[in-house]
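Written below as structure tokens is the structure these notes are about.
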Amino acid sequence: MLALRKLALGETRLVLQEVPEPEVRPGHVVLDVAAAGICGTDVHIRRDEYRSEPPVTLGHEVAGTVAEIGAGVEGWRVGQRVTTETYFSVCGRCEHCRTGRPNLCAQRRSIGSFEDGGFAPRLLVPATNLHALPDALAFPEAALVEPLACVVRGLLELGRLDAGDRVAITGPGPIGLLALQVAKAAGARAVMLGTAADAARLELAASLGADGVLTVEASDGLADAVGDALGGQANVAVECSGAAPAAGLLLQLVKKAGRFVQVGLYGQPITLDMDQVCYKELQVSGSFATTPSSWYRALALAGSGAVSLAAIVGATFALRDWERAFEAVDARVPGKVLLIP
Ligand SMILES: [Zn+2]
Ligand SMILES: [Zn+2]
């Protein structure tokens with residue numbers, strides 16, 4: 001089968017390469033991949049800005065159907081529609097594993113970075129990672145449950161977003177658009193901030209129910225415009241862009257005694273005026289990937305329609321057109337770009 005792979009560290013080129021199909025193992029299943037989303041992390045892995053262990057097939061946002069079932073696996077049937085958590089293996093013994101935070105396990109090996117991922121027609125995963133898809137969730141949008149679970153982790157489980165919060169979000173990429181929908185579903189007001197280059201993405205944010213969309217270039221009066229849209233100063237700042245100026249802007253905009261929720265990754269150290277965290281008595285939280293609980297809540301939000309994943313499917317490409325797909329990501333097409341292996 002053809003798989004999109006990173007072959008070596010220090011090499012930013014990805015290669016579509018013929019590899020053997022995965023063989024099913026005890027406790028595991030092989031999936032027929034229906035769709036796999038391209039994540040900012042894939043771009044970071046390509047540039048060695050995120051840890052990986054090549055040679056490896058990329059892709060960790062996956063939905064598909066069960067194709068083969070390994071020995072000892074119960075409760076799943078061939079043809080069942082599923083999505084999969086991303087940790088291929090964790091140690092299972094460390095404090096983080098034992099307290100429900102496998103995302104923090106030092107031995108964590110995830111699909112798409114350390115183990116072969118979903119940019120290929122077939123994928124081997126542990127059966128314990130599977131989640132059945134609600135009927136309401138079709139392909140390809142079901143592949144977006146993973147990024148939605150990341151947003152649930154950051155905003156709901158750790159950022160403690162609540163009804164009545166006034167939320168300013170930077171970065172109208174797929175993660176920001178999911179954050180916007182989760183904030184609205186939680187009963188918050190939310191504005192989306194982007195740059196002039198984000199015009200089309202901001203339009204999509206507006207159509208998804210943002211209480212305001214604003215470009216940061218018009219920064220004269222930006223704070224007032226955010227306050228007008230939210231009915232008061234933002235008490236929660238959510239940084240989804242992974243761009244240093246956005247973090248600095250949010251530190252200025254967020255209300256005293258507010259919360260700063262970091263979701264985006266910068267891929268390198270950045271400079272920030274951390275004194276503001278003291279002066280304003282801000283609570284800062286970060287999140288890294290997902291825990292199992294994030295997935296159940298993400299599936300509930302997507303299955304009920306409280307969050308629309310279909311609305312943020314931006315473009316789909318056949319796997320052999322992966323270069324055009326990555327160009328579409330670079331060109332900031334509105335919504336998520338997916339590969340169909
Ligand atoms: Zn991702
Ligand atoms: Zn562990």
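What follows draws every value from the coordinates through simple rules; no lab data is involved. Worth saying up front: this structure is predicted, and the values here are computed from it rather than measured. All Cβ positions, even for glycine, are placed from backbone atoms using ideal geometry, and neighbour counts span all protein chains on display.
Give, as a single signed number, the net charge of other residues whose beta carbon lies under 11 Å from the beta carbon of Leu130, with Lys and Arg counted +1 and Asp and Glu -1. Present the calculation step by step, with values, prior to reporting the outcome.
Numbers: positive: Arg81; negative: Glu85.
Net charge in that neighbourhood comes out at 0.
Please work out how much length the chain gains when fully extended from Asp330 to Gln268, using 0.36 nm per residue of separation minus the C-alpha to C-alpha distance, in nm with one decimal.
Extra length available between Asp330 and Gln268 comes to 20.5 nm.
Give me the count of lysine pairs in the chain whose alpha carbons sit under 25 angstrom apart, restricted to pairs 8 or more positions apart or on different chains.
Values: Lys6/Lys336; Lys184/Lys255; Lys184/Lys256; Lys184/Lys336; Lys255/Lys280; Lys256/Lys280.
Qualifying lysine pairs in the chain: 6.
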Cα→Cβ-extended label distance, 7 Å offset, between Gln252 and Ser293, nm: 3.7
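Counting other beta carbons within 10 Å of each residue's own, what order do Val329, Val125 fall into, fewest first? Can you show the working numbers first?
Numbers: Val329 19, Val125 26.
Result, fewest neighbours first: Val329, Val125.
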Once the stretch 9-130 is represented by equal point scatterers at the alpha-carbon sites, with solvent omitted, what log10 I(q)/I(0) does the Debye formula produce at q = 0.13 Å⁻¹? -0.52
Given the C-alpha centroids of the stretch 186-214 and the stretch 35-68, what is the distance between them in whole angstrom? 27
Using only the Cα atoms of the stretch 219-273, build the gyration tensor, take square roots of its eigenvalues as a ≥ b ≥ c, and label the shape rounded, prolate or oblate: rounded if a/c is under 1.5, else prolate if a/b is larger than b/c, else oblate. prolate
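Around Val191, with a cut-off of 13 angstrom between Cβ atoms, what is the net charge of the other residues, counting Lys and Arg +1 and Asp and Glu -1?
Working: positive: Arg166, Lys184, Arg189; negative: Asp165, Asp211, Asp224, Asp228.
Local net charge: -1.
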If a/c stays under 1.5 just call it rounded; otherwise compare a/b with b/c (prolate if a/b is bigger, oblate if not). Do that for the stretch 160-286, with a ≥ b ≥ c from the square roots of the Cα gyration tensor eigenvalues. rounded
How large are Rg and Dmax for the chain when calculated on the C-alpha trace, in angstrom? 19.7, 63
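With Cβ to Cβ distances under 13 Å as the rule, what net charge do the other residues near Pro26 carry (K, R +1; D, E -1)? Before the final figure, lay out the partial values.
Working: positive: Arg25; negative: Glu23, Glu68, Glu74.
Spelling it out: positives minus negatives among the neighbours equals -2.
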For the chain, modelled as a GNM with alpha-carbon contacts under 10 angstrom, which of Thr128, Thr290, Thr84 fluctuates the most? Thr128
So how much slack lies between Gln107 and Glu95, counting 0.36 nm per residue of separation and subtracting their Cα-Cα distance, in nm? 3.1 nm
Quick check on the exposure proxy: order His96, His60, His44 from fewest to most C-beta atoms within 10 angstrom. His96, His44, His60
Using Cα centres only, tell me the gap between the stretch 243-285 and the stretch 99-158 in whole Å. 27
Before rounding to the nearest 500, sum -39500 (n - 2.57) across all DSSP H runs of length at least 4 in the chain and divide by the residue total; then give [θ] at 222 nm in deg cm²/dmol. -7000 deg cm²/dmol
Length gained, Gln283-Ala300, 0.36 nm per residue minus C-alpha separation, equals 3.3 nm
